[in-house]
Every structure is written in C-alpha cells, then in structure tokens.
Amino acid sequence: RINIKLKSGEVRELYSDTMKGSPRDPMTRDELLTKFRACLDYGYGAGRDAADRYADVILGIESATDVGRALVEAFPTARS
C-alpha cells in the first residue's frame, strides 16, 4: 500500500491484495529472468551472460538426462 501526495494536494493511494509473482499475479518470463539476473548478480556476482547460461540450464531441467551434472556444469565456480 502506498499513498502519494501530489503538489496539487491530491492524495492517490495504490494497493494490491496480491504480491507480484504469486499464483494470482504471476511474473512474465521477462520479469522472472530480470529478477533472476538481479539475484545472481547480487548474491553470486554473476554477470548477465552467466545468469542467462544458468537460466537456460534451469529452464531446461525437465529435459536433462542428468540433472546433477547439468547443474554442476552450469555453476562451475560453485564447486568445492
């Protein structure tokens, strides 16, 4: 919920009963990828190319013959 007071003195209120990304208000593919890239950049230091490579692997996970291998190969610097 947000209230905005305009220079004219008029107050506008905006609110939503649902959160973006919830089942009632799902994100588009572009919104999801934008959030995914931002999260990987912030938490992992991944640039856009790496984030897109990771997204491709994750989005194609159902067709992977070896999920573990696909993830390890997608995130090579995460290995210990």
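The values are calculated or read from the model by the stated rules, or taken from the named source; none is laboratory data. Just so we're clear, the structure is a prediction, and the values are computed from it rather than from any experiment. Every residue, glycine among them, receives a Cβ derived from its backbone with ideal geometry; neighbour counts consider all protein chains shown. For the accessible areas, the whole protein counts, side chains as well, though only heavy atoms, and no ligand, DNA or RNA atoms are used. Shrake-Rupley method; radii C 1.70, N 1.55, O 1.52, S 1.80 Å.
Some values worked out for this structure:
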item	result
Residue pairs meeting the criteria (Cβ under 9 Å; at least 6 apart or on separate chains; first of a type in the set (Asp, Glu), in the stretch 1-22; second open to solvent by 90 Å² or more (accessible area, probe 1.4 Å) and assigned to a strand (DSSP E or B))	Glu13/Asn3
Residue under evaluation Cys39, criteria (1) open to solvent by 60 Å² or more (accessible area, probe 1.4 Å); (2) modelled with pLDDT under 90; (3) in a helix (DSSP H, G or I), criterion not met	(2)
Those residues of the stretch 42-68 which are open to solvent by less than 70 Å² (accessible area, probe 1.4 Å) and outside any helix (DSSP H, G or I), in sequence order	Gly45, Ala46, Gly47, Gly60, Ala64
Any hit, the stretch 70-78, residues being loosely packed, with under 10 Cβ neighbours inside 10 Å and in a loop (DSSP other than H, G, I, E, B)	no
Matching option when the condition is over 17 Å from Leu71 (Cα atoms) and either out of contact with any helix residue (DSSP H, G or I) (no Cβ under 9 Å at 6 or more places or on another chain) or of a type outside the set (Gly, Ala, Ser) (or both), among Arg53, Arg48	Arg48
